[in-house]
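Have a look at the structure below before the remarks.
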Amino acid sequence: MKTPPPIAVKSGLKKLGLALKKARLRRRLPMELVSDRAGISRETLSKIQDGDPGVSMGNYASVIFALGFGTEWMKLAELSNDPVGMAFDEERLPKRARSMLAVAKGKSEA
């Protein structure tokens, strides 16, 4: 039995689903057309608009693209948008730089 997603995830998907539905309606696009463009069934589009966490991320992405939002969301986890990741990277920086010659010399002595 699968563990249900956290409440924050459920509410976020509900919010996203409603926003996608409103975007579709603002564009005056019928469900049939959007589902065809996204390569999914009308039933799956309905589930997405309801924020169903059981629908694959790929299907959500296809609907986002079909509505004309492009692929900007794909940059969500890039380092420039990840202050926690940047902090970890900063912590892992070496205290000093060694020349390649010193590194090679150290390996040959091992």
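Residues are listed down the side, and each one gets a yes or a no for (1) under 21 Å from residue 5 (Cα atoms); (2) in contact with a Lys or Arg (Cβ under 8 Å, 6 or more places away or on another chain):
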{"residue": "34", "(1), (2)": "no, yes"}
{"residue": "39", "(1), (2)": "no, no"}
{"residue": "43", "(1), (2)": "no, no"}
{"residue": "47", "(1), (2)": "yes, no"}
{"residue": "51", "(1), (2)": "yes, yes"}
{"residue": "55", "(1), (2)": "yes, yes"}
{"residue": "74", "(1), (2)": "no, no"}
* Asked: So, of the residues in segment 40-52 that are part of a loop (DSSP other than H, G, I, E, B) and surrounded by fewer than 15 Cβ atoms within 10 Å (Cβ to Cβ), which turns out to be farthest from the chain's Cα centre (by Cα)?
  -> 41
* Asked: Residues in segment 75-103 that are small (Gly, Ala, Ser) and either in a loop (DSSP other than H, G, I, E, B) or at pLDDT below 70 (or both): how many?
  -> 4
* Asked: Which condition number in (1) in contact (Cβ under 8 Å) with a residue 24 or more places away in the chain; (2) out of contact with any Pro (no Cβ under 8 Å at 6 or more places or on another chain); (3) closer than 30 Å to residue 7 by Cβ is the one that residue 29 fails?
  -> (3)
* Asked: Taking segment 56-87 as the search range and keeping residues that are within 15 Å of residue 19 (Cβ to Cβ) and of a type in the set (Val, Ile, Thr), which one is surrounded by the fewest Cβ atoms within 10 Å (Cβ to Cβ)?
  -> 64
* Asked: Taking segment 58-74, which residues are assigned to a helix (DSSP H, G or I) and modelled with pLDDT under 95?
  -> 72, 73, 74
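The values are calculated or read from the model by the stated rules, or taken from the named source; none is laboratory data. Every value quoted in this text rests on a predicted model; they were computed, and no experiment measured them. FYI the Cβ positions are ideal-geometry reconstructions off the backbone, even for glycines, and counts take in every protein chain you see.
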